Amino acid sequence: MAWNEPGGNRNDNDPWGTGGGRRGNDQGPPDLDEALKKGLEKLNRMLGGKGGNSGNSGGSSSGGSAGGFGAVIALAAILALGYVVFQSFYTVDEQERAVVLRFGEYSTTENPGLRFKVPLIDRVYKVGVTNVRTAQSSGQMLTMDENLVTVDLQVQYRVNNARDYVLNVRDSNEALSFATDSALRHEVGSSTLDEVLTEGRAELAIRVEQRLQSFLREYGAGLEVVRVNVESTQPPSAVQDAFREVQRAREDEQRLKEEAETYRNRIVPEARGQAQRLIEEANAYLEEVVERARGESARFTQLLEVYEIAPAVTRERMYIQAVEQVLANSSKIFIDTESSGNMMYLPLDRLMQGTGGSSSSSRSSGSSNQADIGMLTDQVLQELRSRQDTNIRRSR
C-alpha cells in the first residue's frame, strides 16, 4: 500500500521523513520550508557546521541560521572559482588566429592551440585567416566616353593580418565594399564602353584588383584580395539590341580575320616553295650556262691549236659544220651557180620524204632524223663539188 493511500492502517514510510510529525491522518504534500531547512542543515554538517533542531531553544535556532548562510557563501565561492578557471582557458583552431586585448589595449596575437587568458581583464577575438570569403558588387556607372554600363563584380578575399582586421577598421567588410565600389568606378571611368563590354573585361578585372588591394593597404584593413572576377557587363536595357548587333559584327570580324589567317598560313608556304623552286631552277640554269660557256671556250681553244697546225683543212671542216647546221634547220635550199645565171632549187622536204620512204626499215631500227639530214647534206655537197668541177673544165 502506498504511503499516502487512504485507509485505516498507518503507513510510516514517509519519503519526506516527517512520518510522526503529521497531524492526524492528514495525507497532503510535505512542508517545503521544512524540507529546505533540513537540506541546509545537512550541507552545514558536510562543511563542518553544527546542525539544528526544530525543538531546540531560540539560541540554537539562530546558530543554525548562521551556519546555513555560511554554507551558501561557500557554495557561491566554489561556483565562482570554477567559472574563473573555466574562463581562463580557450582554444584557437587551425584556421584561426586570436587577437588578445588587455584592458582594451592590444596585447598579442595567439597561434592555434590551447591558450590562457586573464578573466575579466583579457578579451579575445578569434579571426579566420585561411578561408576565402566572397563579396559581390554591382552598379551602373559612366565610362570615359560618357556611356552608361552595368557591371557585376565578385571579389574573393581573405584576412592576412588579424590585428589590423580587428583594430584598425570598425567594419572591415563594409570598408571592403566601399573600396571595391570606388576602385570599380575609377577603372570603368577610365575605359571606353567597347573595352568594358568586349575584350577589355579581363584587363578591367586585373586593374580593379590592383587598385582595390592598394586601397585596402592604405586603410590597414588587414585584408588581401585573392581574385576579382567581372561576371557581366551590360549596356542599358534601352540600347541592348543595338549593342548585340555590334557584338555580332565584331564576332563576324573576328571570324573573317581567322579565315584570312588560315588562308595566309596555307598560301605563304606554297609561295615560299615556288620561290625556292624558281631559285633552284635559276641556279641550275646558271650552272648550265657557265659550264656550256666553259666547254665552248675549251672547244675553241682546242680548235685554235688545230687551226694553227692545219689552217686549210680546219677552215674546210668548219665550213662544212656550219653548212650542216644551217641545212639541218632548212627545208628548202636555193643555190646560185657561178657558171650560169640559173638558180638551182633543192626541195629538201620532198627529198626527206623520199628518203624517209626508202629508209623506213632503217628508221624502224632506231635511226634519227638528224642522221638522215646529215646524209642528205653530204649528198648535196658532193653534187655541188661535181658541178663546180664540170664548170671549171668547160671554162678551160
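The values are calculated or read from the model by the stated rules, or taken from the named source; none is laboratory data. Worth saying up front: this structure is predicted, and the values here are computed from it rather than measured. Virtual Cβ from ideal backbone geometry, glycine too; neighbours counted across all protein chains shown. What goes into the accessible areas is simple: the full protein's heavy atoms, side chains included, and nothing from ligands, DNA or RNA. Shrake-Rupley method; radii C 1.70, N 1.55, O 1.52, S 1.80 Å.
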Select, from Tyr83, Tyr90, the only residue that is aromatic (Phe, Trp, Tyr) and either part of a strand (DSSP E or B) or under 30 Å from Gln234 (Cβ atoms) (or both).
Tyr90
For the range 234-241, state whether one or more residues are among the aliphatic types (A, V, I, L, M) and surrounded by 10 or more Cβ atoms within 10 Å (Cβ to Cβ).
yes
Tell me which residues, restricted to the range 123-175, are of a type in the set (Ser, Thr, Tyr), without any contact (Cβ under 8 Å) to a residue 40 or more places away in the chain and in a strand (DSSP E or B).
Thr134, Ser138
Would you pick out the residues in the range 211-268 that are small (Gly, Ala, Ser) and over 28 Å from the mean Cα position of the chain (by Cα)?
Gly220, Ala221, Gly222, Ser237, Ala238, Ala242
Using beta carbons and a limit of 8 Å, which pairs, at least six apart or on different chains, have the first residue in the range 178-189 and closer than 14 Å to Arg201 by Cα and the second one of a type in the set (D, E, K, R) and open to solvent by 10 Å² or more (accessible area, probe 1.4 Å)?
Glu187/Arg207; Glu187/Arg211
Name the pairs: first residue in the range 201-212 and without any contact (Cβ under 8 Å) to a residue 12 or more places away in the chain and farther than 20 Å from Thr150 by Cβ, second residue open to solvent by less than 70 Å² (accessible area, probe 1.4 Å) and in a helix (DSSP H, G or I), Cβ to Cβ under 9 Å, at least 6 apart or on different chains?
Gln210/Ala183
Out of the residues in the range 83-96 that are at pLDDT 75 or above, within 16 Å of Phe116 (Cβ to Cβ) and of a type outside the set (Ser, Thr, Tyr), state the one that is least open to solvent (accessible area, probe 1.4 Å).
Val92
Boolean, Val268 is surrounded by 10 or more Cβ atoms within 10 Å (Cβ to Cβ), within 30 Å of Asp378 (Cβ to Cβ) and not small (Gly, Ala, Ser):
no
What are the residues in the range 163-186 that are more than 23 Å from Val196 (Cβ to Cβ) and open to solvent by 10 Å² or more (accessible area, probe 1.4 Å), if any?
Arg163, Asp164, Tyr165, Val166, Leu167, Asn168, Val169, Arg170, Asp171, Asn173, Glu174, Ala175
For the range 97-117, what are the residues that are of a type in the set (Asp, Glu) and open to solvent by 80 Å² or more (accessible area, probe 1.4 Å)?
Glu105
So, Ile279, is that one assigned to a helix (DSSP H, G or I), open to solvent by less than 80 Å² (accessible area, probe 1.4 Å) and at pLDDT 90 or above or not?
no
Quick one: is Glu259 open to solvent by 90 Å² or more (accessible area, probe 1.4 Å) and either at pLDDT 90 or above or out of contact with any strand residue (DSSP E or B) (no Cβ under 8 Å at 6 or more places or on another chain) (or both)?
yes
Flag if Leu120 is more than 27 Å from Glu174 (Cβ to Cβ), open to solvent by 50 Å² or more (accessible area, probe 1.4 Å) and part of a loop (DSSP other than H, G, I, E, B)
yes
